[in-house]
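**Q** If you scroll down you'll find the structure; I have some questions about it.
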Amino acid sequence: MIIILTQCFPTKVGGIETLMYDIASYLSIKHDVKVLADQQDTHKDLKFDKNNKNFSIFRFKGLKFFRKRKKFKQLKKICSVNKIDVVITDSWKSLEKPIKFLKEKKIPIISLVHGNEIIIKNNKHKNRIKKILELTSAVILNSNYTKNLLTKISKSLKRIEVIYPGVKPTNNILEQKIDLNNGFPTLLTLARLEKRKGHALILKSIFNLKKKYPDIQYIIAGEGDQLDNIKNEIKNYNLDKNVKLVGTINESQKKFIFSKTDIMVMPTLDQSHANSIEGFGIAYIEAAQYGIPSIASNIGGTPEAVLHNKTGLIINNLNELDESIKKLIENKQYRIKLGQNAKIRADNELNWEKQIEKYNKLIDNFQ
């Protein structure tokens, strides 16, 4: 049996939430999987969990202090009546409470590392991370960039593996139409509305490019604390007819939007001073599945998600954004070729069937 301890899980929307669900789903093909997750929205979670047939989900609500203890209590209960092959956690934070118990029980532990959670605030914080991760059996990182961050914290980890997030087949997803403006080119940013995602920078580029491409369209999919700022920027630049805010979207709506998208644009910013960095960027790979090239910045792990001049463009300076967008707009053959390369990579190298085998191989080593 595999136990997954996670604070990040659907119905909450986000890259790590999707990653943890996909790991549970694909591991459940070969293993009995139980997920111990935080409660997000009682009604939505109940409906989501009821529709899930592949693995068991236990939810825990309340203040973090009590939630952690309830989760730990359930973990001990499961361990008392089952042979546990491994415990997998979404981050070192999910291990602070149960780590001593798991070590005493000699249960293998795998912790995932994404990036933000290992940006050091102070020495005390560094020591907390170091203490937990050095007790794990293995650490899985989402990029080599994140691996470099981690080696600055500790060089005494037992095993480190870089496994990129995977993507699922989309053939069986039915498109769900939503109201979009017609125009060319159509750009998309699929991400939480956070400062580091670069929405403000893109809006400025849309304003500049609108003079040459009056029908340019920009779709912003996602929600977050930058919504009001983004709305203000749209108003200030007079882009009401060029920008569409669609909020949180489901997989069927996502497929429809991708069918209308020419370029995925997300030049992430270095917000490490605010404990925010892009460790990889799964949205680039989701776009790649549909043959859409991406434009990203040379920040964090994004150059591993978007391969420069192969699956998209990496800009070294944010001032290059206008010209990079223009380059892909005006050179259709080049844009299509990058999109084709992106799709081949997503389908052949980053599909979940291939990625989950790396997890299974690591787990088998603990037997």
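The values are calculated or read from the model by the stated rules, or taken from the named source; none is laboratory data. Note that the structure is predicted; figures quoted are calculated from it, not measured. Here the Cβ positions follow ideal geometry from the backbone for every residue, glycine too, while neighbour counts run over all protein chains shown.
**Q** Which residues, taken from region 28-63, are under 26 Å from Tyr359 (Cα atoms) and of a type in the set (Gly, Ala, Ser)?
**A** Ser28, Ala37, Ser56
**Q** Applying the selection to region 210-238, what residues are without any contact (Cβ under 8 Å) to a residue 40 or more places away in the chain and of a type in the set (D, E, K, R)?
**A** Residues satisfying the conditions are Lys210, Lys211, Asp215, Asp225, Asp228, Lys231, Glu233, Lys235.
**Q** Same structure, new question: Do we find that Phe60 is surrounded by 13 or more Cβ atoms within 10 Å (Cβ to Cβ) and assigned by TED's automatic domain parsing to the domain that holds Lys158 in this structure?
**A** Considered against the rule, which asks whether it is surrounded by 13 or more Cβ atoms within 10 Å (Cβ to Cβ) and assigned by TED's automatic domain parsing to the domain that holds Lys158, Phe60 comes out as yes.
**Q** Across region 242-257, what is the number of residues that are among the hydrophobic types (A, V, I, L, M, F, W, C), surrounded by 21 or more Cβ atoms within 10 Å (Cβ to Cβ) and outside any strand (DSSP E or B)?
**A** Summing the residues that are among the hydrophobic types (A, V, I, L, M, F, W, C), surrounded by 21 or more Cβ atoms within 10 Å (Cβ to Cβ) and outside any strand (DSSP E or B) in region 242-257 gives 1.
**Q** Identify the single condition in (1) without any contact (Cβ under 8 Å) to a residue 12 or more places away in the chain; (2) of a type in the set (Val, Ile, Thr); (3) surrounded by 13 or more Cβ atoms within 10 Å (Cβ to Cβ) that Thr18 does not satisfy, given that it satisfies every other one.
**A** (1)
**Q** Something else about it: Wholly within region 119-226, which strands (runs of 3 or more DSSP E) include no fewer than the required count, namely at least 3 residues that are buried (at least 16 other Cβ atoms within 10 Å of the Cβ)?
**A** Once the strands (runs of 3 or more DSSP E) in region 119-226 are filtered for at least 3 residues that are buried (at least 16 other Cβ atoms within 10 Å of the Cβ), what remains is 138-141, 186-190, 217-221.
Residue-wise test of (1) modelled with pLDDT under 95; (2) among the charged types (D, E, K, R); (3) in contact with a helix residue (DSSP H, G or I) (Cβ under 7 Å, 6 or more places away or on another chain).
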site: Ser91; (1), (2), (3): no, no, yes
site: Ile99; (1), (2), (3): no, no, yes
site: Pro108; (1), (2), (3): no, no, no
site: Ile118; (1), (2), (3): yes, no, yes
site: Ile153; (1), (2), (3): yes, no, yes
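**Q** I've got another one for you. For region 252-303, name all the residues that are among the aromatic types (Phe, Trp, Tyr) and closer than 16 Å to Lys343 by Cβ.
**A** Phe258, Tyr284, Tyr290
**Q** Residues of region 97-121 being without any contact (Cβ under 8 Å) to a residue 24 or more places away in the chain and either closer than 15 Å to Ile16 by Cα or in contact with a strand residue (DSSP E or B) (Cβ under 8 Å, 6 or more places away or on another chain) (or both), which ones? Can you show your working first?
**A** Let us first name the residues in region 97-121 that are without any contact (Cβ under 8 Å) to a residue 24 or more places away in the chain, namely 100, 102, 104, 106.
Leu102, the sole residue that qualifies.
**Q** Now for a separate question. Among the candidates Ala288, Ala342, single out the residue that is small (Gly, Ala, Ser), in a helix (DSSP H, G or I) and either under 15 Å from the mean Cα position of the chain (by Cα) or over 30 Å from Leu209 (Cα atoms) (or both).
**A** Going through Ala288, Ala342 in turn, the sole match is Ala288.
**Q** Output the number of the condition that Ile282 fails; it satisfies all remaining conditions of (1) in contact with a Leu (Cβ under 8 Å, 6 or more places away or on another chain); (2) over 30 Å from Ile84 (Cβ atoms).
**A** So the condition that Ile282 fails would be (2).
**Q** Let me ask you something else. When you look at Ile325, is it part of a helix (DSSP H, G or I) and closer than 25 Å to Lys210 by Cα, yes or no?
**A** Yes.
**Q** Somewhere in region 263-285, is a residue farther than 30 Å from Lys158 by Cα and either loosely packed, with under 15 Cβ neighbours inside 10 Å or of a type in the set (Asp, Glu) (or both)?
**A** No - not one qualifying residue is present in region 263-285.
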